[in-house]
Amino acid sequence: MEFTEITIHSLASPSLSNQMEKITGWLFFLFFTWSLFPSIAHAQLITVRGEVNLTTSTMILPHEHLLVDFIGAGEVGEHRYDRDAAFEMILPHLHRLRETGVGVLVECTPALLGRDVQLLHELSRAADIHILTNTGYYAAANFHFLPWNTHQRSAADLADEWIAEWRDGIDGTGIRPGFVKIGVDAAPLPDVSLEIIRAAAITHRETGLVIACHAPDGAAIVEAVGIFEEESIPLDALIWVHANMDPNTERHLRLARMGVWVEYDGISPQTLELHRDLVLLMRNEGLLHRVLLSHDAGWYSVGEPGGGEFRFFGDLQESLIPMLLEAGLASEEVHSLVRDNPLQAFTPRERE
Ligand SMILES: [Zn+2]
């Protein structure tokens, strides 16, 4: 197709150096023009190394993973891997990420799926990159990643636990979550998932943290919106994670118009046209300011030899952005997508 000349995934291509020059060229162009834009005042992200006022025009990836363990809530734990080996495996990918212009990575691995805030802290310092971690529970995948007693707990009780992590830090480390991450399966949602969503809403009211909700189906987000409205929580405190998986684009538009952040993640060489077309759809409807873009990629896979295969999070910077510019997006619009939108989404809201 017409944009293949600016993708770099075919390493066998004889024109690779030519392509690299083009990418370096547009990166330079974007950074130069972005440096002229005013930053959002008072934006303060809660990172694993503390609160950060982001003053540079660095890119932000709102949904990636560095270490994941799918073993389940009953067996998960730090005893399952060697943290030093994981650190050594992950670090070069973060160095490479810095070279693509990304300065902030939002690490979306929830508790009981391999969230290791000590590891994230060490990586953040070593790679000089800001990393956000999260509080919350993941009720998708048939509750495989929920603590056994969650079904007996109230939303208020769950929220107390998450608010304590925000106030005091996670597992005695002093490292605080920068957002709430929850997960639900497709609608209709069972009671425990509704309690998890309500717990997230209560946590938002106390902390101002944004809520990223894994939901492969927009009907589940519609249910979440109902709970947010009952709890009088503004809908821009909610990110619909994996919206790209729902073919009902009317629902993307409707939820975005209501204020929900619509996150198109899972960017890979195979999805570039889909992601381009979704962005263009939102742009044509005047909804670009509600869109987040990321790969949902990476990670050291606990239980696999050497941590398995790490999928690098570079297709947005290296392929999708050139495609969007080629399709007519202005530099300012790209800047909003990869910098202003995620910064606004993950900056904690003023509390009442
Ligand atoms: Zn994810």
### Query
Can you find even one residue in region 250-263 that is within 16 Å of the ligand (Cβ to nearest atom), under 20 Å from the mean Cα position of the chain (by Cα), among the acidic types (Asp, Glu) and crowded, with 23+ Cβ neighbours inside 10 Å?
yes
### Query
What number of residues within region 201-218 satisfy the criterion of being more than 16 Å from the ligand (Cβ to nearest atom), crowded, with 16+ Cβ neighbours inside 10 Å and either polar (S, T, N, Q) or on the phi < 0 side of the Ramachandran plot (or both)?
8
## Note on the structure
Checked 339, 276, 283 against criteria (within 15 Å of residue 63 (Cα to Cα), of a type in the set (D, E, K, R) and more than 15 Å from the ligand (Cβ to nearest atom)); the one match is 339
### Query
Restricting the search to region 222-246, which residues are within 16 Å of the ligand (Cβ to nearest atom) and hydrophobic (A, V, I, L, M, F, W, C)?
239, 240, 241, 243, 245
### Query
When the residues of region 97-116 are filtered to those that are more than 12 Å from the chain's Cα centre (by Cα) and part of a strand (DSSP E or B), which remaining residue is nearest to the ligand (Cβ to nearest atom)?
102
### Query
If you go through region 53-75 one residue at a time, how many are free of Cβ contacts under 8 Å to residues at least 40 places away in the same chain and either among the aliphatic types (A, V, I, L, M) or touching a strand residue (DSSP E or B) at 6+ places or on another chain (Cβ under 9 Å) (or both)?
1
#### Entry: Complete set of residues in region 117-141 that are of a type in the set (A, V, I, L, M, F, W, C) and within 16 Å of the ligand (Cβ to nearest atom)
120, 131, 132, 139, 140, 141
### Message
touching a residue at least 40 places away in the same chain (Cβ under 8 Å) and part of a helix (DSSP H, G or I): is that true of residue 348 in this structure?
### Response
no
### Message
Just checking, does region 312-329 include any residue being within 16 Å of the ligand (Cβ to nearest atom) and either of a type in the set (Val, Ile, Thr) or outside any helix (DSSP H, G or I) (or both)?
### Response
yes
### Which numbered condition residue 143 misses (of (1) buried (at least 18 other Cβ atoms within 10 Å of the Cβ); (2) at negative phi)
(2)
### Message
Taking the condition of being free of Cβ contacts under 8 Å to residues at least 60 places away in the same chain and hydrophobic (A, V, I, L, M, F, W, C), how many residues in region 328-345 meet it?
### Response
3
### Task
Only residues that are β-branched (Val, Ile, Thr) and surrounded by fewer than 20 Cβ atoms within 10 Å (Cβ to Cβ): list them for region 164-183, please.
173
### Task
Could you tell me which residue of region 47-92 is nearest to the chain's Cα centre (by Cα), considering only residues that are more than 19 Å from residue 137 (Cα to Cα), more than 16 Å from the ligand (Cβ to nearest atom) and aliphatic (A, V, I, L, M)?
59
### Query
Of the residues that make up region 147-160, is at least one farther than 30 Å from residue 338 by Cα, β-branched (Val, Ile, Thr), part of a helix (DSSP H, G or I) and touching a helix residue (DSSP H, G or I) at 6+ places or on another chain (Cβ under 8 Å)?
yes
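Just so you know, all these numbers are worked out from the coordinates, no wet-lab data involved. Predicted model only: the values in this text are computed from it and were never measured. Using ideal geometry, Cβ is built from the backbone for each residue, glycine included, and neighbour counts are taken over all protein chains shown.
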